[in-house]
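For reference, the structure is listed below as structure tokens.
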Amino acid sequence: MKESNWQSLRYQVSKDIMNTDILCEVLHLPEEALAAEKCLQHAFEMFRQFEARFSRFKKDNELWRFNHSHTYTPSKELIHLLSSSQYFHHLSGGLFDPSILPTLEKEGYTSSQYTLPKNPPPAFSELSLTHTPPSVTKPHELLIDFGGIGKGYIVDQVAAYLTTHFKNFIIDAGGDIYARGTNTKEGYPYWVVEVEHPEAEQDPAALLLLTDMAVATSGRNRRHWVQDQKTKHHIIDPRTNESATLDFLSVTVIAPSVISADVLAKTLFISGGDQAHILAEQFRVPAIFIKDDGTVIINSYAQPYVWKAP
């Protein structure tokens, strides 16, 4: 089959789901056109259903009911989200913490669906999860937000679904990206992914050549505001219960899964300064750091993925 026989089908929405831009592109053969259309429709329905169930900006959904409970019987998806959160919470030494919902509200990223607890909120470690039978027990005032892990999770789920039908596709949900296979339509043995520089007038920080890999970026340029004459953003440092350090404009991580790339990028961003570089080296994380002054640092583990001009 010649490269020219490959066709592309792209679906894209802007700010309609999870308040972000979502693009899915599937490469298919002519006889697969109808299947590609049906699969992309289902993929976007998966995104919509996830938001409907787990967004903290919605009332009476699954997350809201869980947050207002002490003992809860979780769905399969909620178990996956909570167990993944526990894993990354432990791996990051507590820097990744999904129990920051009260802090997000306090810092000005409000949802209007929650009443903040009067006392200091309980720690995420006080949540107890059992798989057989499925059950979660937590202090009633422990409030969870999946904003730091949810997008990566659902992109991975959509990628797993599309993989059962197609070999080559790319998903981009507001910078959380999974590139499957290769760009056969253009004849490239990879997908080209641009790492945006947060300063709009700058050229891209890097061009990544990816196949069967994920990339995610965490930065303070997407969601930020001013409160009490201070610049705030949605990435919270659980050590201070405030918006994280301003050492970086953004951190980009390459990983086998989007959920890993997403959480690791946030963890490194929160770490800040030299500690972020040390952690990336310690865990061999391919990372691209853009410092507050605009300087781009590409560590040795990310270099193999970066296109270099001849």
Requested in this report: Set Lys and Arg Cβ to +1 and Asp and Glu Cβ to -1, take the dipole of the stretch 243-300 about its Cα centre, and tell me which of PHE248, ALA261, ALA276 lies farthest positive.
Outcome: ALA261
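When the helix-only estimate is applied to the chain (DSSP H runs of n ≥ 4, each -39,500 (n - 2.57), divided by the residue count), what is the mean residue ellipticity at 222 nm, nearest 500 deg cm²/dmol? Let's see the in-between values first.
On the way: 7 runs with 88 residues, N = 310.
For the chain, the value works out to -9000 deg cm²/dmol.
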Report task. Using DSSP to define loop residues, name the trypsin sites (Lys or Arg not before Pro) in the stretch 92-152 whose beta-carbon has at most 14 other beta-carbon atoms within 10 Å. Result -> LYS118
Report summary line: GNM on the chain, Cα springs under 10 Å; top mean-square fluctuation among ALA244, ALA160, ALA200 goes to ALA200
Query raised in the report: When all protein chains stay in place, what accessible area (Å², nearest 10, 1.4 Å probe) is found for LYS308?
Result: 120
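So how do THR73, THR211 rank on accessible area, 1.4 Å probe, biggest first, that is with the largest at the start?
On the way: THR73 105, THR211 60 Å².
Sorted descending by solvent-accessible area, the residues read THR73, THR211.
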Query - Accessible surface of the chain, 1.4 Å probe, proportion on carbon and sulfur as whole % - result: 50
Query raised in the report: When the solvent-accessible surface of protein heavy atoms is calculated with a 1.4 angstrom probe, in what order do GLU77, GLU105, GLU242 fall, highest first?
Result: GLU242, GLU77, GLU105
Report task. Quick one: among ILE177, ILE17, ILE100, which has the greatest mean-square fluctuation in a GNM of the chain with alpha-carbon springs under 10 angstrom? Result -> ILE17
Query - Residue-level accessible surface for SER8, protein heavy atoms, 1.4 Å, Å² - result: 40
Report task. Note the listed values (i) 19.8, 65; (ii) 22.5, 76; (iii) 18.7, 57, then indicate which one is Rg and Dmax of the Cα atoms in Å calculated from this particular structure. Result -> (i)
Report task. Enumerate by residue number the trypsin sites (Lys or Arg not before Pro) in the stretch 1-95 meeting two conditions: DSSP loop (anything except H, G, I, E, B), and at most 14 other Cβ atoms within 10 Å of the site's Cβ. Result -> LYS2, LYS59
Query raised in the report: the stretch 286-310 to the stretch 137-208: how many Å between their Cα centroids?
Result: 18
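The values are calculated or read from the model by the stated rules, or taken from the named source; none is laboratory data. This one's a predicted model, so the numbers in the text were calculated from it and none came from an experiment. Cβ sites come from the backbone with ideal geometry, for glycine too, and all protein chains shown count toward neighbours. Side chains are part of the model used for accessible areas, which takes the heavy atoms of the whole protein and leaves out ligands, DNA and RNA. Shrake-Rupley method; radii C 1.70, N 1.55, O 1.52, S 1.80 Å.
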